[in-house]
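Quick notes on the structure that follows.
The values are calculated or read from the model by the stated rules, or taken from the named source; none is laboratory data. Everything numeric in this text was worked out from a predicted model, so none of it was measured. All Cβ positions, glycine included, derive from the backbone under ideal geometry; neighbour counts span all protein chains shown. Each accessible area value is taken on the protein alone, full model and side chains, heavy atoms only, with ligands, DNA and RNA left out. Shrake-Rupley method; radii C 1.70, N 1.55, O 1.52, S 1.80 Å.
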Amino acid sequence: MDAERLLTVLADGQVHSGEDLARAYGVTRAAVWKQIAKLADWGLAVEAVPGVGYQLRRGIDLLDAAALRSALAPGVAARVAALDVFTELESTNRPLLEAPPPPPGTLRACIAEYQAAGRGRRGRAWRTPLGAGLCLSVGWQFADTPAGLSALTLAVGVVVRRVLARVAGVEIALKWPNDLVWDERKLGGILLELTAEGQGGCHVVAGIGLNVALPPELLPSLSDWPRGAVDLATATRGTPPPRAALAIALIEDLTELLAGYADTGFHAYRDDWRAADYLRGRAVRLDEAAGPVTGTAVGIEADGALLIEASPGARRRIVAGDVSVRSA
């Protein structure tokens, strides 16, 4: 018996006898307990009911690669070169970056139930209990580097926003360049990484992390934002959509985005991004090596660069950096 096999049994949230588990898998009760401890390492709350058995405090809708692939629209499924679901990875971006890029015009998707070393911008940790969030990355190879590549993170944000509106009925804001916001709290984020390929092409990997249904006590500490983090369970008043439905919709819409991005660029997504701009009109601070820059965010330019007005008429164009909202 290993922890993954035990997880599939306990995922239903029902009580399972330790004696029955040991007998079914031909191991000792001590071996069962050892794997229970591994589930705790994944952030799962396992309750031991004396004389009865074990159960997860909350059941989990574990994701299945074959089921996800079969639910994709046929036109999308034909473009998906690989779709893998792992119980645990350090990062869903890493396997895609380390593997050869998918053939041009096809997508490779990677999902993890638990990320041991998930991260956002500036290497900040992003970690949630197993099955409580959605950790999804997709890889795509552009034969020629698209002109709007610098704004691709923003376009991915628009795709996520559209999916959440359609699948969850939740309207979110987008904080430049990669944060997903609901009710002034962080719902998730995007991490885009790329490697240059021969003859002017590039391999792009877009990672998305979404808080779906987290233990309420964890939310305040999950983010360094003033009001902490939030999840879809909160945003939907306790009725978040199945993670499978979110994963399918994201894979389909990201495939459409990446397949057409060389032709459309950021132009097809710019108006939607501006409508969801969380920073516009807010006092902000940009941290740079030379020192902090303060001012008012006044929107984005056509290529996705952020504009900060440091003084009346004096605007700075920001293409990279860590921007935060200044408190009043």
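Give the residue, chosen from 86, 142, that is touching a helix residue (DSSP H, G or I) at 6+ places or on another chain (Cβ under 9 Å) and more than 27 Å from residue 199 (Cα to Cα).
The conditions single out 86.
Which of the following residues is assigned to a helix (DSSP H, G or I), under 23 Å from residue 110 (Cβ atoms), open to solvent by 20 Å² or more (accessible area, probe 1.4 Å) and touching a residue at least 40 places away in the same chain (Cβ under 8 Å): 272, 253? I'd like the intermediate steps shown before the answer.
Numbers: 272 fails: under 23 Å from residue 110 (Cβ atoms).
Result: 253 is the single residue among 272, 253 that is assigned to a helix (DSSP H, G or I), under 23 Å from residue 110 (Cβ atoms), open to solvent by 20 Å² or more (accessible area, probe 1.4 Å) and touching a residue at least 40 places away in the same chain (Cβ under 8 Å).
Pick from 253, 277, 231: which is in contact with a strand residue (DSSP E or B) (Cβ under 9 Å, 6 or more places away or on another chain), of a type in the set (Asp, Glu) and closer than 30 Å to residue 67 by Cα?
Numbers: 253 fails: in contact with a strand residue (DSSP E or B) (Cβ under 9 Å, 6 or more places away or on another chain); 277 fails: closer than 30 Å to residue 67 by Cα.
Sole residue among the options that is in contact with a strand residue (DSSP E or B) (Cβ under 9 Å, 6 or more places away or on another chain), of a type in the set (Asp, Glu) and closer than 30 Å to residue 67 by Cα: 231.
Could you tell me whether the stretch 160-167 includes any residue that is farther than 20 Å from residue 265 by Cα, open to solvent by less than 10 Å² (accessible area, probe 1.4 Å) and modelled with pLDDT of 95 or more?
Within the stretch 160-167, the subset farther than 20 Å from residue 265 by Cα is 164-167.
Narrowing further to those that are open to solvent by less than 10 Å² (accessible area, probe 1.4 Å): 164.
Now narrow it down to the ones that are modelled with pLDDT of 95 or more: 164.
Scanning the stretch 160-167 turns up at least one residue that is farther than 20 Å from residue 265 by Cα, open to solvent by less than 10 Å² (accessible area, probe 1.4 Å) and modelled with pLDDT of 95 or more.
Give me the residue from the stretch 1-20 that is free of Cβ contacts under 8 Å to residues at least 40 places away in the same chain and either of a type in the set (S, T, N, Q) or more than 19 Å from residue 58 (Cα to Cα) (or both) and, out of that set, least open to solvent (accessible area, probe 1.4 Å).
Of everything passing the filter in the stretch 1-20, 17 is least open to solvent (accessible area, probe 1.4 Å).
Residue by residue through the stretch 196-219, note down the ones that are in contact with a Pro (Cβ under 6 Å, 6 or more places away or on another chain) and surrounded by fewer than 21 Cβ atoms within 10 Å (Cβ to Cβ).
Listed by number, the list holds a single entry, 203.
From the set of residues in the stretch 298-315 that are surrounded by 12 or more Cβ atoms within 10 Å (Cβ to Cβ) and touching a residue at least 24 places away in the same chain (Cβ under 8 Å), which is nearest to residue 184 (Cα to Cα)? If you could, list the steps in order and put the result at the bottom.
The initial filter retains those residues of the stretch 298-315 that are surrounded by 12 or more Cβ atoms within 10 Å (Cβ to Cβ), namely 298-301, 303-310, 315.
With the extra rule that they be touching a residue at least 24 places away in the same chain (Cβ under 8 Å), the set shrinks to 299-300, 303-306, 308.
Details: 299: 18, 300: 20, 303: 26, 304: 22, 305: 22, 306: 20, 308: 20 Å.
Filtering the stretch 298-315 for residues that are surrounded by 12 or more Cβ atoms within 10 Å (Cβ to Cβ) and touching a residue at least 24 places away in the same chain (Cβ under 8 Å), the one nearest to residue 184 (Cα to Cα) comes out as 299.
Failed condition for residue 145, given (1) buried (at least 19 other Cβ atoms within 10 Å of the Cβ); (2) at pLDDT below 95, with all others met?
Going through the list (1) buried (at least 19 other Cβ atoms within 10 Å of the Cβ); (2) at pLDDT below 95, residue 145 breaks only (1).
Looking only at the stretch 220-250, filter to residues that are among the β-branched types (Val, Ile, Thr) and in contact (Cβ under 8 Å) with a residue 12 or more places away in the chain; which one of those is surrounded by the fewest Cβ atoms within 10 Å (Cβ to Cβ)?
The first filter runs over the stretch 220-250 and keeps only residues among the β-branched types (Val, Ile, Thr), leaving 230, 234, 236, 239, 248.
Right, trim to in contact (Cβ under 8 Å) with a residue 12 or more places away in the chain and you get 230, 234, 236, 248.
Details: 230: 25, 234: 20, 236: 16, 248: 21.
Here the residue is 236.
Filter the stretch 63-103 for residues that are open to solvent by 80 Å² or more (accessible area, probe 1.4 Å) and aliphatic (A, V, I, L, M) and give the result.
Within the stretch 63-103, 78 is the sole residue that qualifies.
Just one of (1) more than 30 Å from residue 117 (Cβ to Cβ); (2) in contact with a helix residue (DSSP H, G or I) (Cβ under 8 Å, 6 or more places away or on another chain); (3) of a type outside the set (Phe, Trp, Tyr) trips up residue 6, so point out which.
Evaluating residue 6 over (1) more than 30 Å from residue 117 (Cβ to Cβ); (2) in contact with a helix residue (DSSP H, G or I) (Cβ under 8 Å, 6 or more places away or on another chain); (3) of a type outside the set (Phe, Trp, Tyr) leaves (1) as the failure.
Show the residue pairs that are 6+ apart or on different chains and have beta-carbon atoms under 6 Å apart, the first residue being within the stretch 174-195 and open to solvent by less than 10 Å² (accessible area, probe 1.4 Å), the second being charged (D, E, K, R) and part of a strand (DSSP E or B).
Between residues of the stretch 174-195 that are open to solvent by less than 10 Å² (accessible area, probe 1.4 Å) and residues that are charged (D, E, K, R) and part of a strand (DSSP E or B), the close pairs are 181/175.
For the stretch 104-118, indicate whether the set of residues that are surrounded by 15 or more Cβ atoms within 10 Å (Cβ to Cβ), part of a strand (DSSP E or B) and at pLDDT below 95 is non-empty.
yes
Of all residues in the stretch 271-301, which are at pLDDT 95 or above and among the small types (Gly, Ala, Ser)?
275, 276, 281, 283, 295, 297, 299
Output the residues belonging to the stretch 275-297 that are surrounded by 16 or more Cβ atoms within 10 Å (Cβ to Cβ), without any contact (Cβ under 8 Å) to a residue 60 or more places away in the chain and among the aliphatic types (A, V, I, L, M).
Result: 284, 286, 293.
Restricting the first residue to the stretch 44-72 and requiring it to be among the hydroxyl-bearing types (Ser, Thr, Tyr), which pairs with a second residue that is part of a strand (DSSP E or B) meet a Cβ separation below 9 Å and a spacing of at least six or different chains?
54/16; 54/46; 54/47; 54/48
Can you tell me how many residues within the stretch 302-328 are charged (D, E, K, R), modelled with pLDDT under 90 and part of a loop (DSSP other than H, G, I, E, B)? Spell out the reasoning first.
Keep residues of the stretch 302-328 that are charged (D, E, K, R), which gives 303, 309, 315-317, 322, 326.
Checking the rest, the ones that are also modelled with pLDDT under 90 come to 322, 326.
Now drop any that are not part of a loop (DSSP other than H, G, I, E, B), which leaves 326.
Adding up the residues that qualify gives 1.
Does the stretch 75-91 hold any residues that are part of a loop (DSSP other than H, G, I, E, B), among the hydrophobic types (A, V, I, L, M, F, W, C) and within 19 Å of residue 207 (Cβ to Cβ), and which are they?
Residues of the stretch 75-91 part of a loop (DSSP other than H, G, I, E, B): 78-79, 90-91.
From the residues that got through so far, the ones that are among the hydrophobic types (A, V, I, L, M, F, W, C) too are 78.
Answer for the stretch 75-91, where residues must be part of a loop (DSSP other than H, G, I, E, B), among the hydrophobic types (A, V, I, L, M, F, W, C) and within 19 Å of residue 207 (Cβ to Cβ): there is none.
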